[in-house]
């Protein structure tokens, strides 16, 4: 059985996932004093594994916090040879063709994959390997930065499943590939 | 009293207002057999005048339909010298600094302006002259084309006022400049 590949990500009104200085502080533009779940916990509860790029992996490592994921994380990299001691047993390196990687993960029982990181998401979209997109829009124009979406060889139709508003400000829309 | 400048526009999931061939057929991706109002009529009911760029004006003229606007339309152009016979009395040419143009329109009683056309919207955003954004997202990735947003000198915060879903597929969010 084919699995499902998900994107769960926040963008600015102008579709950026990082600002001009590669920063993500603007993600906290909308205060969340009671730390309510804006959909992430519920989303993660159905995820079997993460697939992320090396850059995103290094960003997460750079936070200097405890390893934040409770599901296995597969890091796409053709250059990394070893994972740091601190996340051994939680992270595995994978390389090669992403279609094959996804098939192998599916065969191992990882059916619901959370695809994360700008470049990784773009590679998956190019190969038409994204089944569901959950995009949270933060009400700010960054005026530049790293875009979520890039050029694609052709159009991709999605269907809208649901939109929720969190903290009166964050618009989270859930789309499924048609 | 200062007026309010509005943008009311549809974009693809990847933030485009026209596809790779400058086409807008994808706007009809979601069927609307009963031709229900997806917010436009209600929006237009509070608009005193339109301000659009020359390119958009020429696109509207090119539709070959009856002139579609019931409010005065001001076309920004430094090159056009005359407006076609068919829309005389309905369209006026304006040129020069957009801040001054807006002030003059406000002084003439046009307080609620609908700013239309990709380049015109971008010019207004650059000058921080957009007060409200009403963006309708069509569930399609075009994979290229004409982007709604461009580079800005700095960030612009907005607040989310309302989100509505039309035809179960079109997500329309209303934002106000903070």
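Here, each number is a calculation from the coordinates, and none is a lab measurement. All figures in this text were calculated on a predicted structure; none of them were measured in a lab. Ideal geometry is used to build each Cβ from the backbone, glycine not excepted, and the neighbour counts take in all protein chains shown.
Rounded to the nearest 0.05, what FRET efficiency do residue A:99 and residue A:22 give with R0 = 22 Å and r taken as the Cβ-Cβ distance? Could you check? Given R0 = 22 Å and the Cβ-Cβ separation, E is 0.15.
If you restrict to DSSP beta bridges whose two residues both lie in region A:4-177, what percentage is antiparallel, to the nearest 5?
Details: 16 of 39 bridges.
Antiparallel: roughly 40 percent of the beta bridges in region A:4-177.
For residue A:28, the label point sits 7 Å beyond Cα toward Cβ; its separations from the matching points on the remaining copies run 4.9 nm, from shortest to longest. Which of rounded, prolate or oblate describes region A:128-178 when judged by the alpha-carbon gyration tensor and an a/c cut-off of 1.5? Verdict is oblate for region A:128-178. A Gaussian network model of chain B, with springs between Cα atoms under 10 Å, assigns the largest mean-square fluctuation among B:146, B:60, B:91 to B:60.
Binning the alpha carbon pair distances of region A:4-177 at 5 angstrom intervals from zero yields the distribution 1, 7, 16, 20, 22, 18, 10, 5, 1, expressed in whole percent. Chain A residue nearest by beta-carbon to the axis mapping A to B, with distance in Å: A:15, 2.
Given the -39500 (n - 2.57) contribution per DSSP H run of 4+ residues, what per-residue ellipticity at 222 nm results for chain A, rounded to the nearest 500 deg cm²/dmol? Could you put the intermediate results ahead of the total?
Numbers: 4 runs with 33 residues, N = 178.
Dividing the helical sum by the residues of chain A leaves -5000 deg cm²/dmol.
Suppose R0 equals 22 Å. What FRET efficiency, 1/(1 + (r/R0)^6) with r the Cβ-Cβ distance, do residue B:123 and residue A:29 give to the nearest 0.05?
Numbers: r = 25 Å, r/R0 = 1.13.
Efficiency, rounded to the nearest 0.05: 0.30.
Neighbouring Cβ atoms from other chains, within 10 Å of the Cβ of residues in B:123-136, number 1 on average.
Normalised by the number of residues in chain B, the average gap of Cα pairs under 8 Å and 6 or more apart makes the relative contact order 36 percent.
Shielding value for A:6-19 is 3, the average number of Cβ atoms from other chains within 10 Å of each residue's Cβ. Each copy carries a label point for residue B:159 at 7 Å from Cα along the beta-carbon vector; from one copy to the others these points are 3.7 nm apart, nearest first.
Label point of residue B:71 (7 Å along Cα→beta-carbon): distances to the other copies' equivalent points are 4.7 nm, sorted ascending. Counting every other Cβ atom within 10 Å of each residue's Cβ, A:155, A:164 order from fewest to most as A:164, A:155. Between residue A:108 and residue A:159, what is the spin-label point distance in nm, taking each point 7 Å from the Cα along the Cα→C-beta axis? Using points 7 Å along Cα→Cβ, the separation is 3.3 nm.
Taking 41 Å as R0, compute the FRET efficiency from the Cβ-Cβ separation of residue B:55 and residue A:67 and round it to 0.05. List each step's numbers first, then the result.
Numbers: r = 52 Å, r/R0 = 1.26.
Rounded to the nearest 0.05, the efficiency is 0.20.
Can you put B:95, A:173 in order of Cβ neighbours within 10 angstrom, beginning with the fewest? Let's see the in-between values first.
Numbers: B:95 13, A:173 23.
Lowest to highest Cβ neighbour count: B:95, A:173.
Per residue of B:38-49, count partner chain C-beta atoms within 10 Å of its C-beta, then hand back the mean as an integer.
Mean shielding by partner chains, rounded to a whole number: 0.
For chain B, modelled as a Gaussian network with Cα springs under 10 Å, which listed residue fluctuates most, B:134, B:101, B:115? Of B:134, B:101, B:115, the Gaussian network model singles out B:101 as fluctuating most. Build a GNM of chain B with springs between Cα atoms under 10 Å apart, and of B:145, B:23, B:15 the one that fluctuates most is B:23.
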